Amino acid sequence: MRRLRLFFACALMLAPTAVATAQPGGDWGVQRDPFDKAEIARYKAILTRNPHDASALAKLFEKYRRYRTVDLLKEEYGKVLDKNPDDTSSMIVIGRLHKATGDEPGALAMWTRAVARKDTDAQTWLLIGETQKSASKPAEARIAYDKALTHSSAKDMKKKALRALADLALAQNDIDGANAYFKTFLELDPKNAQLWIERGDAMMTAKRFDVALESYGAARSCSAEIRRARSRSSRGVARCSRTWARTRRRSPSIAARSRARRRATTSRSSSPRA
């Protein structure tokens, strides 16, 4: 009887090991595919609504780069465009993919197709301007930046286009044009001391000393305002500190807590160390 009980005890001890051995090894090592199709579909949906969403495109690009190929992503968007040749969102995304992989002519071709169908897309005109500028085509770049300026309603986008246009005008020795772009930019951002200085430097180089002096004077006024603001804030901090100190002295509860903290600190510092 003792032997029978010992046999059953040994069988129970060995049972988990036997089950684990019988389990197919592959089932224990199952890993989830990091290329989540639902996540991919979500990024593509965002880009359909806004093909200029840099965050969604960067995440989509990285997923394909790590777990598939960027060429596959281009191919998928190409198929979408084949089905709908007027899909400007796909054109813009394909162009940005070309740009990201160093194919600037391919990017330019796609963006040119996009603005041919949607002339009011200021962001795409801005991309075209940047590409033409980097390709040393100032005339084409100015046309694109002017289009971006005309159609943009966002202040930051206008400022970006105006700054590029001023540089391009200076490079073409169009001093009056550059000055006009600087003035329009400064109307949007009159407290930009650095830009006033840049305008002054450009106009001084062009021997337009009256405009240069005006610009340097405006920059100095901006700097003086900044200094006054810093001074006012410093005085405010000092005044607040003094008021807080007086409040602490006048309030019995605050004063009592302060005395208690001082006593506790004094007792800790005076207590013998082991």
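Return the Cα extents of the range 31-88 along principal axes one, two and three, sorted largest first, each rounded to a whole Å.
That gives 40, 20, 16 Å along the principal axes, largest extent first.
Work out how much length Lys207 to Glu39 would gain on full extension: take 0.36 nm times their residue separation and subtract the Cα-Cα distance, in nm to one decimal.
On the way: separation 168, 0.36 × 168 = 60.48 nm, distance 5.79 nm.
Fully extending the segment from Lys207 to Glu39 adds 54.7 nm.
What list of ³J(HN,Hα) couplings, whole Hz, do you get for the range 188-194 from phi and the Karplus terms 6.51, -1.76, 1.60, once you set θ to phi - 60° and write x for glycine and proline?
7, 9, x, 9, 7, 4, 4
Applying 1/(1 + (r/R0)^6) with R0 = 22 Å to the Cβ-Cβ distance of Glu187 and Asp156, what FRET efficiency is obtained, to the nearest 0.05?
Working: r = 15 Å, r/R0 = 0.67.
So, using R0 = 22 Å, E works out to roughly 0.90.
In sequence order, what are the phi-derived ³J(HN,Hα) couplings for the range 34-48 according to the Karplus relation 6.51 cos²θ - 1.76 cosθ + 1.60 with θ = phi - 60°, rounded to whole Hz, with x for glycine and proline?
Each residue's phi maps through the Karplus curve to give x, 7, 7, 5, 5, 5, 4, 4, 5, 5, 5, 5, 4, 6, 5 Hz.
If you take the square roots of the eigenvalues of the alpha-carbon gyration tensor of the range 105-192 and sort them as a ≥ b ≥ c, do you get rounded (a/c under 1.5), prolate (a/b over b/c) or oblate? Mind showing how you got there, number by number?
Details: a/c = 2.54, a/b = 1.41, b/c = 1.79.
Oblate, since a/c reaches 1.5 and b/c is not below a/b.
With θ set to phi - 60° and the Karplus curve 6.51 cos²θ - 1.76 cosθ + 1.60, what are the ³J(HN,Hα) couplings of the range 55-61 in order, to the nearest whole Hz, using x for Gly and Pro?
Along the range 55-61, the couplings run 5, 5, 5, 5, 5, 5, 4 Hz.
For Lys158, list the lysines whose Cα falls under 16 Å from its own Cα; do not include residues on the same chain fewer than 8 positions away.
Straight-distance partners of Lys158: Lys147, Lys183.
For an R0 of 35 angstrom, estimate the FRET efficiency from the Cβ-Cβ distance between Arg220 and Thr48 and round to the nearest 0.05.
Working: r = 50 Å, r/R0 = 1.43.
Calculated transfer efficiency: 0.10.
Beyond 21 Å, what percent of the Cα pairs of the range 52-160 remain?
Working: 2140 of 5886 pairs.
The share of Cα pairs beyond 21 Å in the range 52-160 comes to 36 percent.
If a/c stays under 1.5 just call it rounded; otherwise compare a/b with b/c (prolate if a/b is bigger, oblate if not). Do that for the range 173-224, with a ≥ b ≥ c from the square roots of the Cα gyration tensor eigenvalues.
oblate
Determine the per residue accessible area of the range 56-113 with all protein chains present and a 1.4 angstrom probe, expressed in square angstrom. If you can, show how the numbers build up before the last one.
Values: 2990 Å² over 58 residues.
That works out to 52 Å² per residue.
The values are calculated or read from the model by the stated rules, or taken from the named source; none is laboratory data. Computed from a predicted model, the values in this text were never measured in an experiment. FYI the Cβ positions are ideal-geometry reconstructions off the backbone, even for glycines, and counts take in every protein chain you see. Keep in mind that these areas ignore ligands, DNA and RNA; they rest on the heavy atoms of the full protein, side chains included. Shrake-Rupley method; radii C 1.70, N 1.55, O 1.52, S 1.80 Å.
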